[in-house]
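A.B. asks: Structure below; questions to follow.
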Amino acid sequence: MDEDDVRVRPSRRGSRPRTRIRPAHADAVDGLVVAVDRGRMTVRVEGPDGAVDVTAMRARELGKHGVVVGDRVRLVGDTSGRTDSLARIVTIQERTTSLRRTADDTDPTERVVVANADLLVIVTSVTDPEPALGFLDRCLVAAYAGGLQPLLCLTKTDLASAEPLLERYAGLRLDAVPMSREQPLDELLGWIHDRTSVFVGQSGVGKSTLVNRLVPDALRAVGDVSKIGKGRHTSSSAVLFDLPGGGTVIDTPGIRSFGLAHVTAADVLSAFEEMSDVAADCPPGCGHTAEDPDCALDPWAAAGPPERQEQLDALRVLLAAVGQVGPGY
């Protein structure tokens with residue numbers, strides 16, 4: 001025998017020619033991500049007989065691009081919504097807004113919590129438990145940096161006054177809705193009607209209770225506040241619900257920290273057009289704090305009506321939250 005008599009089986013690995021041409025997915029259908037759970041997404045798809053919920057997974061071609069609640073996507077595969085069916089998400093549409101956070105201020109990896117929402121409803125009790133001011137500051141920063149309109153929802157106002165909390169943010173002209181168990185939901189519904197609203201808040205402030213009142217079918221678990229004033233985590237994933245009168249509500253898990261490693265002072269300033277324009281005259285590296293001697297915002301505030309100084313003071317409360325670590329943050 002010589003080499004001509006030996007048959008060599010060709011290797012299958014690497015024998016298939018590579019191509020950069022991605023499939024067009026011309027038959028893909030549009031959908032809205034309403035829930036995410038351990039790599040599986042529930043996507044709402046409009047069918048001939050109305051909307052159906054489709055279970056889907058992320059296509060490999062999306063790479064490391066994560067899918068979050070609120071994402072508008074395109075799917076291929078079985079989009080019938082039948083039990084045991086599975087579709088693939090092949091496209092994530094461009095996001096108009098994004099609520100982002102990091103695990104803490106030392107974690108460089110940002111996580112998008114919710115996409116394409118209009119309103120960030122920051123739920124906090126005025127007492128029992130006391131407001132976590134650092135957490136509220138950071139939620140406001142995340143709203144401004146992500147392009148969402150913030151709304152304070154103040155619960156348990158039948159037990160204490162909301163005025164001290166409102167005074168803290170007076171210069172920001174924040175909208176706020178007082179709430180209690182007996183108070184009608186009309187004012188809050190006026191804000192969230194026909195909009196996509198994200199509800200955030202620490203455990204124990206009554207967020208899940210409020211969502212259950214807004215969406216009776218939500219059946220979100222409600223935990224009891226412990227005797228030391230700290231609530232238990234009662235929900236573990238963001239979920240989108242339809243409001244009976246129009247609009248959608250996204251309930252997020254109770255969280256104790258809101259990292260802002262991805263946010264800069266410029267991100268916060270950009271939400272305030274007038275102050276952002278003035279700050280353009282600041283020297284390089286200016287942090288826009290009271291300790292920055294040449295900050296252009298100080299003479300701007302001094303030369304105007306008292307409202308300017310209130311606005312600057314409130315802005316500096318938010319800027320102090322960027323990159324700060326400690327209790328309440």
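A.B. asks: If packing is taken as the average count of other Cβ atoms within 10 Å, what order do 133-144, 184-195 fall into, highest mean first?
C.D. replies: For the peptides 133-144, 184-195, the packing ranking is 133-144, 184-195.
A.B. asks: What does the net charge come to around CYS286 if you take all other residues with beta carbon closer than 14 Å to its beta carbon, with K and R at +1 and D and E at -1?
C.D. replies: -4
A.B. asks: Another question, then. So, R0 is 25 Å and r is the distance between the beta-carbons of ASP242 and GLU167; what FRET efficiency does that work out to, to 0.05?
C.D. replies: Computed FRET efficiency for ASP242 and GLU167: 0.10.
A.B. asks: Roughly speaking, what is the stretch gain from ASP53 to ALA302, that is 0.36 nm per residue apart minus the C-alpha to C-alpha distance, in nm to one decimal? Working shown, then result.
C.D. replies: Values: separation 249, 0.36 × 249 = 89.64 nm, distance 5.63 nm.
Answer, rounded to one decimal: 84.0 nm.
A.B. asks: Same structure again: If you take every residue apart from HIS193 with its C-beta less than 14 Å away from the C-beta of HIS193, what net charge results, scoring Lys and Arg +1 and Asp and Glu -1?
C.D. replies: Spelling it out: positives minus negatives among the neighbours equals -4.
A.B. asks: With every protein chain kept in the model, how would you rank LYS207, LYS64, LYS156 by accessible area, 1.4 Å probe, largest at the top?
C.D. replies: Numbers: LYS207 10, LYS64 205, LYS156 45 Å².
My answer, sorted largest first, is LYS64, LYS156, LYS207.
A.B. asks: Below 8 Å, C-alpha to C-alpha, sequence gap of six or more: please give me the relative contact order for region 111-182 in percent. Mind showing how you got there, number by number?
C.D. replies: On the way: 82 pairs, mean separation 25.7, N = 72.
Relative contact order comes out at 36 percent.
A.B. asks: Hey, another quick one. For region 20-148, what does the relative contact order come out to in percent, with C-alpha contacts under 8 Å and a separation of six or more?
C.D. replies: Relative contact order comes out at 19 percent.
A.B. asks: Hey, another quick one. So, counting K/R as plus one and D/E as minus one, what does the shell of residues with Cβ under 14 Å around GLN311 add up to?
C.D. replies: Once all neighbours under 14 Å are counted, the net charge is -4.
The values are calculated or read from the model by the stated rules, or taken from the named source; none is laboratory data. Treat the numbers as computed from the prediction; the structure is a model and nothing was measured. Glycine also receives a Cβ, built like all others from the backbone with ideal geometry; neighbour counts cover every protein chain displayed. Each accessible area value is taken on the protein alone, full model and side chains, heavy atoms only, with ligands, DNA and RNA left out. Shrake-Rupley method; radii C 1.70, N 1.55, O 1.52, S 1.80 Å.
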